[in-house]
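Below you'll find the structure, written out as structure tokens, and then a few comments.
None of the figures in this text is laboratory data; all of them are computed from the coordinates on show. All values reported here derive from a predicted model rather than from experimental measurement. Every residue, glycine among them, receives a Cβ derived from its backbone with ideal geometry; neighbour counts consider all protein chains shown.
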Amino acid sequence: MIIAIVGSGNVGSALAQGLVRAGHVVQFGVRDAGSAKSRKAQASVSVPFLAVRDACRNAEAIILTTPPEAVKDIVAEWGDVRNKVIIDATNSVRTRPEPYPTAFHALKALTGSEAVVKCFNTTGFENMLDPVYPGFGGIDMFCAGNDKSAKAVAMKLSLDIGFGACWDFGGDDKVELLEKFALSWINMAIMQGHGRNLAFKVIRRP
Ligand SMILES: NC(=O)c1ccc[n+]([C@@H]2O[C@H](COP(=O)([O-])OP(=O)(O)OC[C@H]3O[C@@H](n4cnc5c(N)ncnc54)[C@H](OP(=O)(O)O)[C@@H]3O)[C@@H](O)[C@H]2O)c1
């Protein structure tokens, strides 16, 4: 699959490495290919670093990995993206793309696309870089949104990069809950001081 990753920081870089390993064609969409974050990403993965518009033009899927408030500027670069799957990996922890509660809501409103899915937001970037915990296998990822085909793409990409499962958290009405779930990870890992090498995994009684 041809995938544009917008934003080449911690999350963008981690996802790019896993997706390239899985055989996908990845291209970064960045505002500055010479920024410190872009240069760090260039050292970790060998893919094109293009202007946002150019990276997204022929992409089948776009993954947004920027601060949420950047979404309005970024969507203005895109043109018509209604034939692409858009994956929102952001969290409105400190900032939100006013007047929208989350980047997911902004993406739906500003692109007119139904194929928007929330995914890759619920765990730390280190877990995206290496989702396998010895003795437990791949940790879990989660996605939410109304569009079933967009969710199927997000689920497949999650498994491709090594997550053990990608659980369907529900429709658009569960997107903010998924951000709260991300906050739960942040609370455990950072605020409660348990460290970033922890992850959530769903277990079920047979
Ligand atoms: N860090 C985590 O573990 C984690 C986990 C899950 C979800 N998230 C969410 O994922 C998002 C990214 O987090 P991160 O830790 O990867 O952040 P980061 O390392 O600070 O990277 C942010 C990236 O966004 C780019 N960016 C910022 N404004 C932009 C704009 N207007 N147009 C284009 N690109 C722009 C930055 O470009 P420059 O290089 O030019 O500054 C940078 O490449 C956030 O919403 C965060 O809440 C983070």
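For region 1-59, the gyration tensor built on C-alpha atoms gives an oblate shape. Its axis ratio a/c (a ≥ b ≥ c) is at least 1.5, and a/b is not larger than b/c. For the residue pairs Lys40/Lys148; Lys151/Lys180; Lys148/Lys180, the C-alpha atoms sit more than 27 angstrom apart in Lys40/Lys148. Region 98-124 and region 149-206 have Cα centres separated by 16 Å. Legend: ranking of residues Thr122, Thr102 from fewest to most surrounding C-beta atoms inside 10 Å; resulting order Thr102, Thr122.
Could you work out how much longer the chain between Lys148 and Phe200 gets when fully extended? Use 0.36 nm per residue separation minus the Cα distance between them, nm to one decimal.
On the way: separation 52, 0.36 × 52 = 18.72 nm, distance 2.33 nm.
Here the segment from Lys148 to Phe200 would lengthen by 16.4 nm.
Each helix, a run of at least 4 DSSP H residues, gives -39500 (n - 2.57); summed and divided by the residues of the chain, these come to -10000 deg cm²/dmol at 222 nm. Residues in region 32-40 carry Karplus couplings, in order, of 8, 5, x, 5, 4, 5, 5, 5, 5 Hz; the curve used is 6.51 cos²θ - 1.76 cosθ + 1.60 with θ = phi - 60°, and Gly or Pro positions show x.
Put a plus charge on the Cβ of each Lys and Arg, a minus charge on the Cβ of each Asp and Glu, and nothing anywhere else: the dipole of the chain about its Cα centre is then about 340 debye.
Above 28 angstrom, tally the Cα pairs of the chain and express them as a % of all pairs, no decimals. I get 20 percent for the Cα pairs in the chain exceeding 28 Å.
Cβ screening of the chain for cysteine pairs under 4.7 Å finds these without a partner: Cys56, Cys166.
Straightening the chain between Asp173 and Ala109 buys 21.6 nm, computed as 0.36 nm per residue apart minus the Cα-Cα spacing. Qualifying trypsin sites (Lys or Arg not before Pro) in region 121-203, where qualification requires a DSSP coil assignment and no more than 15 other C-beta atoms within 10 Å, comprise Arg196, Lys201. Kindly state, to the nearest 0.05, the FRET efficiency for Lys37 paired with Asp80, given R0 = 25 Å and r defined as their beta-carbon distance. The computed FRET efficiency comes out at 0.35. Annotation: the antiparallel percentage among DSSP beta bridges lying fully within the chain is about 15. In plain terms, if you count all Cα to Cα distances in region 44-94 and split them into 10 Å steps from zero, the share in each step is 22, 54, 23, 1 percent.
In region 1-68, which trypsin sites (Lys or Arg not before Pro) are in a loop and have at most 12 other Cβ atoms within 10 Å, using DSSP for the loop call?
Values: sites: Arg21, Arg31, Lys37, Arg39, Lys40, Arg53, Arg57; in loops: Arg31.
Counting only loop positions with at most 12 other Cβ atoms within 10 Å, none of the trypsin sites (Lys or Arg not before Pro) in region 1-68 qualifies.
Once the C-beta distance of Asp73 and Phe136 is scaled by a Förster radius of 41 Å, the resulting FRET efficiency is 0.55 to the nearest 0.05.
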